[in-house]
Amino acid sequence: MPISTVLAAATAELTRAGVSSARVDAELLAAAVLGVPRGRLALSSGFDYIDKARFDEFVSRRAAREPVQYLTGSAPFRYLDLMVGPGVFVPRPETELLAEAGIRELRARGGGTLVDLCSGSGAVALAVAHEVPAARVLAVERSEASLDWLRANARRRAAAGDRPVEVVSGDVTDPDLLAELAATVDAVLCNPPYVPLGTPVPAEVAGHDPADAVFGGPDGLAVIRPVRERAAALLRPGGLLAVEHDESHADAVADLLATGGRFTEVTGHQDLTGRPRFVTALRAG
């Protein structure tokens, strides 16, 4: 069956279901089924009966708002493709800028130690390890389901030649987390759960992303507060903290970091759409 005909029908079905990226998602699903890069779909010979049945199943599941990354089993993040699926938060493109902040910091120092808190799939930690081979990177996650994905991604990247990331099963609210690294870490990055409870979220998020990786308590800051405490304890003087936040939290997170005298040079940053996305600060001292 011609690829153009199948893609047109799938795009129409996904559009009717309210999927905003209908054509792109149809192409991604077709590429996954046919085992070819999306950019080479036009050169494909098309679907046989088995491929078409599998593709139709994927389109139906996507129309029911299952994340396309769960269906393909892969999520791009900077220069990596990460394995994802049920039980783990799907990494978003906007978080690539958070990773970049840590990458720039460690490159400027010729290496160093970085801790990624609330690591999820390991996207931030693994991107840093891939792009700064001299760095020691630790990835902290508490969810057992997410840890399975994190460990699998870490093994895969190590097998590909990247410096191994140290996976730590731990909770950012634990005051003893990584106590042995106190005042020695060069950078702490964190993409925590930060959506305030009760906030409407897309169907893909509501139905599939783990709630404890999305919602951060009534005001959305329930995890960011203890992250501030752990970062203050872990970072050496001059070390970098970068925290992603809800677009409504730019002032609140900046105020949290500026209060108490433990951080200086508190700076807000926008994502590629111009929305407030993360805050950086340096450990005082």
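We did not get these values from a lab; they are worked out from the coordinates using the rules stated. Since this is a predicted model, take the numbers as computed values, not measurements. In this analysis, Cβ positions are derived from the backbone assuming ideal geometry, glycine residues included, and neighbour counts consider all displayed protein chains.
Side notes on the structure shown:
- Scalar couplings 3J(HN,Hα) for the range 48-58, obtained by applying the Karplus form with A = 6.51, B = -1.76, C = 1.60 to θ = phi - 60°, are 8, 4, 5, 4, 5, 5, 5, 4, 4, 5, 4 Hz; x denotes Gly and Pro.
- Max mean-square fluctuation residue, GNM over the chain, Cα-Cα springs under 10 Å, options Gly122, Gly87, Gly73: Gly73
- Tensor-based shape of the range 1-114 (alpha-carbon gyration tensor, a/c under 1.5 rounded, otherwise prolate or oblate): prolate
- Square roots of five times the Cα gyration tensor eigenvalues for the range 188-285, Å: 25, 14, 11
- Considering only Gly274, Val227, Ala250, the residue lying farthest towards the positive end of the dipole of the chain is Gly274, judged by Cα position with unit charges set on Cβ.
- For the peptides 33-45, 102-114, 240-252, 257-269, the ranking by packing is 240-252, 102-114, 257-269, 33-45, with the highest mean count of neighbouring Cβ atoms within 10 Å listed first.
- Full extension of the chain between Thr199 and Tyr49 yields a length gain of 49.7 nm, computed as 0.36 nm times the residue separation minus the alpha carbon distance.
- Normalised by 2.2 N^0.38 Å, where N is the number of residues, the alpha-carbon radius of gyration of the range 3-64 equals 1.00.
- Note on the range 140-235: the alpha carbon radius of gyration divided by the globular reference 2.2 N^0.38 Å gives 1.22.
- Dipole magnitude (debye, nearest 20) for the range 3-64, charges at Cβ of Lys, Arg, Asp, Glu: 140
- Gain upon complete extension [Leu272, Thr15; 0.36 nm per residue less C-alpha separation]: 90.0 nm
- Pairwise centroid distance, computed over Cα atoms, of the range 207-279 with the range 21-96, Å: 31
- Magnitude of the charge dipole for the chain, about its Cα centre and with charges confined to Cβ atoms of Lys, Arg (+1) and Asp, Glu (-1), is about 640 debye.
- For the chain, the longest principal axis of the alpha carbon atoms and the long axis of helix 22-34 meet at an angle near 80°.
- The calculated 222 nm mean residue ellipticity attributable to helices in the chain amounts to -12000 deg cm²/dmol, summing -39500 (n - 2.57) over DSSP H runs of n ≥ 4 and dividing by all residues.
- Solution diffusion estimate, µm²/s, Stokes-Einstein, the chain, Kirkwood Rh from C-alpha pairs, 25 °C, viscosity 0.890 mPa s: 123
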